[in-house]
1. Between S320 and V341, what is the spin-label point distance in nm, taking each point 7 Å from the Cα along the Cα→C-beta axis?
2. Taking 27 Å as the cut-off for C-alpha to C-alpha distance, list the pairs among K192/K273; K5/K321; K344/K368; K266/K332 that go past it.
3. What is the sum of charges around V277, taking Lys and Arg as +1, Asp and Glu as -1, for the other residues whose C-beta is under 9 Å from the C-beta of V277?
4. Cα to Cα, under 19 Å, and not fewer than 8 places away if on the same chain: which aspartates and glutamates meet these conditions relative to K302?
5. Could you work out how far helix 214-226 tilts from the main Cα principal axis of the chain, as a 0 to 90 degree angle to the nearest 10?
6. Please say if segment 264-312 is rounded, prolate or oblate, where rounded means a/c under 1.5 for a ≥ b ≥ c the square roots of the C-alpha gyration tensor eigenvalues, and otherwise the choice is prolate for a/b larger than b/c and oblate otherwise?
7. Tell me the mean residue ellipticity at 222 nm calculated for the chain from its helices only (DSSP H runs of n ≥ 4, each -39500 (n - 2.57), averaged over every residue, nearest 500).
8. Within straight cross-link reach of K72, meaning Cα distance under 30 Å, which lysines are found once same-chain residues fewer than 8 apart are removed?
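Coordinate-derived values only; no laboratory data. Being a predicted model, the structure only gives us computed values, none of them experimental. So basically every Cβ, Gly included, is an ideal-geometry build from the backbone, and we count neighbours across all protein chains shown.
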Amino acid sequence: MKKLKRIVVKVGTSTLTQGGSQLSRKFMLGLASQLSKLHENNFEVILVSSGAICAGKELLKNPSVDRTLPKKQMFASIGQVELMLVWKELFGLHEIHVAQILLTRDDISNRKRYLNARDTLNCLLQHRIIPVINENDTVATKEIRVGDNDNLAALVSNLVAADLLILLTDQEGLFTADPRLNSNAKLIPLVKHIDESIMALAKGTSTSLGTGGMLTKIEAAKRASQWGTPTIIASSKVPNILLELVEGKAHGTLFQTEITLQESRKRWLLSEKPQGVIELDEGASDKILHHGASLLPPGIAKVKGPFERGAIVHLIDSKSKLLAVGITNYGKDEIEKIIGVHSKKIEDILGYSYGGEIIHRTNMTRVKSKEEESLS
Ligand code: GLU
């Protein structure tokens, strides 16, 4: 596995309650201390935490109400406050700040909102704050919800280009059969490719409190691996599990990636139809082609649209040669107002700023010429 820096850790309700009906503060204390150690060792950690609905029920002393969506959303909205309070206190013991981020599928599939979420997460990580993410249950109706936090964690891994996704659960990993029903079931330590036979192994298993069973975990691992992030499904019961995993000790099931993060991003950007074109001057063409730089306002010669913030655009040189493809932080009308100006002036001119880059280098892929391809 490549050197780890950015890690997404997901814990579901059954894990947070350790099989009980209430959040286990004791378990959460241990997990927060492991995550804090990783943080102190310079890893960037993002926690995807379920448990809001469970915490809401706990606070209202488990009233017996029907299971309609508004009731669940009521529990989620009450419980999310409690959940974050517990995380805030536990990480506070290590003098680490946490930030709450609530997402729905829309926040990730809509490219403008994708950029907003990505920028915020990156900013939090840069400021050494641990983002704690959950689905925005109170507004997430069927049409816009991810539905389970395993898949949400995979989407988040893609959003932040994580080096590893760890799904903590109450099982040791993926087995050749359901270990609770079959004593001959064997743990599968490594999955190189998630095919139908792997999916079939996970079907039919679930936990009583959480939304996801093994199947949603494998789905999540599949998504993550297609986007370049490996996944480990491991038991939360192993002492210091997170610390052991990052040290490279084998626990649970590791799902390898099918592609690198860079390659997956590149394929995605190149497969999308561009909504606009930005022509660069000579200096910017050189910086982007040979130095992997971001695109700043002074490097732009012309812009063709219409397109909005979040659009995929082609970057060309003065001879119309395609140099790169990227996701733009600014729409065409905005770019026209700031062409040529210093990045610091963006806010004065527009009245707001999404940052000094028109396209950040992490949102851009270079298009190599045939000659370069043959050399690499
Ligand atoms: N968002 C839900 C909660 O916080 C949990 C969803 C899941 O566990 O997959 O209660």
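1. 3.1
2. Result: K192/K273; K5/K321; K344/K368 exceed 27 Å.
3. The answer is +1.
4. Cα-Cα hits under 19 Å: E279, D281, E282, D286, D317, D333, E334, E336, E357.
5. On a 0 to 90 degree scale, this one is about 20.
6. oblate
7. -11500 deg cm²/dmol
8. Filter leaves K10, K26, K57, K61, K88, K112, K142, K203, K217, K222, K237.
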